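Everything below concerns the one structure shown next.
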Amino acid sequence: MTKDSANTMWGGRFAAGPDAIMEAINASIGFDQRMAAQDIEGSRAHAAMLAATGIITDNDAAAIREGLLTVLSEIESGNFAFSTALEDIHMNVEARLKEVIGEPAGRLHTGRSRNDQVATDFKLWVRDQYDAAIAGIEALMKAFVAQAEVGADWVMPGFTHLQTAQPVTWGHHMMAYVEMLGRDLSRFRDARARMNEAPLGAAALAGTSFPIDREMTAAALGFDRPAANSLDAVADRDFALEFLSCASICAMHLSRFAEELVIWSSAQFRFVVLSDRFSTGSSIMPQKKNPDAAELIRAKIGRIMGAMVGLFTVMKGLPLTYSKDMQEDKEQVFDAADSLMLALAAMEGMVKDMEANVDALETAAASGFSTATDLADWLVRALNMPFRDAHHVTGSLVAMAENKGCDLPDLTLDDMQTVHAQITADVFDVLGVKNSVASRMSYGGTAPTRVREQVARWKEVLS
């Protein structure tokens with residue numbers, strides 16, 4: 001395709017083609033070719049509607065629709081020559097369509113503009129990413145639920161400030177991420193429903209004088225309805241911003257668990273063993289097994305959140321309707337979507353494969369005076385002590401245990417009675433970590449019974 005022929009795609013406005021620098025900055029075909037399938041899907045729907053409304057003939061529409069399938073086949077097989085002189089995926093497809101079917105190709109663009117065309121293509125592409133993210137989150141949730149079901153009784157330390165706080169169960173910890181991901185799932189579904197309005201037919205910005213049927217094209221492309229305002233339809237990129245927002249929150253959740261895996265798999269913790277499939281060795285230290293996949297997932301949030309900030313910055317000062325700035329909306333969304341899908345898949349694999357070190361978890365759960373709160377609660381229940389007094393007594397007993405170099409269950413009854421004479425031997429029933437977690441029966445608590453209830457609920461939701 002020569003520059004002269006490229007200029008004919010613009011019409012007669014320009015006497016000469018742009019120079020190399022202008023061509024380079026203006027062209028988007030290097031990245032928007034990813035929307036080829038969506039562009040052709042939208043054009044086929046548009047051609048069918050033009051024929052149904054009598055705007056073009058059935059024969060022309062049939063030639064266009066078949067020709068577009070030929071072009072799509074060439075693109076998918078890698079036999080399509082993309083041209084930067086033709087700027088974008090839309091012009092590349094239309095130019096090739098003219099070479100394939102001739103004069104009818106020129107009728108395809110009746111009643112539409114590249115403005116509503118690109119908005120439609122991008123919406124279709126982003127909608128596919130919503131669906132992929134939803135599927136990826138559901139798969140990861142199932143992996144967490146499976147871990148929770150197996151380890152509903154396993155005791156581990158719960159942390160605040162990364163300091164041992166109270167004993168919890170492995171299942172309870174796994175289900176915390178199911179809840180987070182459940183909210184992510186809700187956000188993606190909610191945003192997908194909100195974005196499902198078709199821009200096609202808004203034309204450049206004001207609609208068209210041709211008697212088009214926007215309901216027909218919206219339905220053909222799986223949209224719930226046409227967008228109600230033509231100005232908004234071509235200017236809207238909320239759907240991409242919402243995708244990036246949902247993706248950023250989800251990636252943050254993945255990053256939090258990735259950080260836990262990095263900590264848990266260390267020699268200092270030994271809580272989990274990650275599979276070789278998601279670990280690497282050291283080039284110099286043969287003993288090392290590095291949690292590289294977890295570390296890379298942890299880093300993905302930077303790229304995804306950066307994409308969100310980038311697109312907000314592009315859009316924040318644009319007057320209605322379309323400006324060329326909006327060409328900068330796609331690359332960062334493409335990159336963020338790729339990063340999120342990869343992170344979800346890698347995390348699913350790691351969660352499925354990871355093996356908990358049950359003994360190390362229980363040993364750690366019993367350290368750091370993790371049952372101090374249980375002792376304070378017992379003083380309140382058994383001795384009718386005000387909680388603030390119970391807190392003080394417990395603190396004194398913790399200090400005693402620290403001085404003796406032991407944990408609370410290792411103190412003798414005589415030791416305890418030197419702090420408070422009314423303490424009885426019954427106190428030892430609450431000082432074991434398994435007794436501690438079993439007692440946390442409040443809704444949402446860590447008791448194995450409660451964990452299994454939540455596992456059953458989510459298994460039903462995800463089935």
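The values are calculated or read from the model by the stated rules, or taken from the named source; none is laboratory data. Predicted, not measured: the structure shown is a model, and the values here were computed from it. Because the Cβ atoms are built from the backbone with ideal geometry, glycine has one as well, and the counts that use them run over all protein chains shown. Only protein heavy atoms, including side chains, enter the accessible area calculation; ligands, DNA and RNA are left aside. Shrake-Rupley method; radii C 1.70, N 1.55, O 1.52, S 1.80 Å.
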* Structure fact -> Only unsatisfied item for ASP415, checking (1) in a helix (DSSP H, G or I); (2) within 30 Å of GLY171 (Cβ to Cβ); (3) more than 38 Å from the chain's Cα centre (by Cα), is (2)
* Got a number for residues in segment 398-434 being touching a Ser or Thr at 6+ places or on another chain (Cβ under 8 Å) and open to solvent by 70 Å² or more (accessible area, probe 1.4 Å)? -> 0
* Asked: Pairs under 6 Å by beta carbon, first residue within 27 Å of ASN435 (Cβ to Cβ) in segment 449-463, partner open to solvent by less than 30 Å² (accessible area, probe 1.4 Å) and not hydroxyl-bearing (Ser, Thr, Tyr), six or more apart or different chains?
  -> VAL451/ALA152; VAL451/GLY171; ARG452/ALA152; GLN454/MET175; VAL455/VAL145; VAL455/ALA148; TRP458/VAL145; TRP458/VAL178
* Identify, from the list ASP353, ASP338, the residue that is under 20 Å from ALA258 (Cβ atoms), acidic (Asp, Glu) and at pLDDT 95 or above. => ASP338
* Only listed residue being under 30 Å from LYS352 (Cβ atoms) and either modelled with pLDDT of 95 or more or of a type outside the set (Phe, Trp, Tyr) (or both), chosen from MET175, MET216, MET195 -> MET175
* **segment 196-252, subset acidic (Asp, Glu) and within 23 Å of the chain's Cα centre (by Cα), residue farthest from ALA119 (Cα to Cα)** => GLU242
* Does any residue of segment 29-36 turn out to be surrounded by 18 or more Cβ atoms within 10 Å (Cβ to Cβ), under 22 Å from ASP338 (Cα atoms), in contact with a Lys or Arg (Cβ under 7 Å, 6 or more places away or on another chain) and outside the structural domain of ALA219 (by the TED database)? -> yes
* So which of GLU94, GLU99, GLU103 ends up being over 30 Å from the mean Cα position of the chain (by Cα), among the acidic types (Asp, Glu) and over 22 Å from ALA37 (Cβ atoms)? -> GLU103
* So which residues in segment 368-397 are of a type in the set (Ser, Thr, Tyr), surrounded by fewer than 21 Cβ atoms within 10 Å (Cβ to Cβ) and within 12 Å of LEU431 (Cα to Cα), if there are any at all? -> THR373
* Asked: For segment 75-90, what are the residues that are under 32 Å from the mean Cα position of the chain (by Cα), part of a helix (DSSP H, G or I) and crowded, with 19+ Cβ neighbours inside 10 Å?
  -> ILE75, ILE89, HIS90
* Taking the options GLU331, GLU355, name whichever one is touching a helix residue (DSSP H, G or I) at 6+ places or on another chain (Cβ under 8 Å), in contact (Cβ under 8 Å) with a residue 12 or more places away in the chain, on the phi < 0 side of the Ramachandran plot and open to solvent by 20 Å² or more (accessible area, probe 1.4 Å). => GLU331
* Structure fact -> With the first residue restricted to segment 54-79 and required to be in contact (Cβ under 8 Å) with a residue 24 or more places away in the chain and outside the structural domain of MET216 (by the TED database), and the second required to be among the hydroxyl-bearing types (Ser, Thr, Tyr) and part of a helix (DSSP H, G or I), Cβ contacts under 6 Å at 6 or more apart or on different chains are LEU68/SER43
* Asked: Would you say VAL100 is surrounded by fewer than 24 Cβ atoms within 10 Å (Cβ to Cβ), part of a helix (DSSP H, G or I) and modelled with pLDDT of 95 or more?
  -> yes
* Would you check if there is a residue in segment 274-281 being within 30 Å of ASP359 (Cα to Cα), of a type in the set (A, V, I, L, M, F, W, C), open to solvent by less than 60 Å² (accessible area, probe 1.4 Å) and touching a Lys or Arg at 6+ places or on another chain (Cβ under 8 Å)? => yes
* Asked: What number of residues in segment 337-364 are touching a Ser or Thr at 6+ places or on another chain (Cβ under 8 Å) and over 19 Å from ALA143 (Cβ atoms)?
  -> 1
* Structure fact -> Expected output for segment 253-266 (first residue without any contact (Cβ under 8 Å) to a residue 24 or more places away in the chain and on the phi > 0 side of the Ramachandran plot, partner in a helix (DSSP H, G or I) and open to solvent by 30 Å² or more (accessible area, probe 1.4 Å), Cβ below 8 Å, 6+ apart or cross-chain) is none
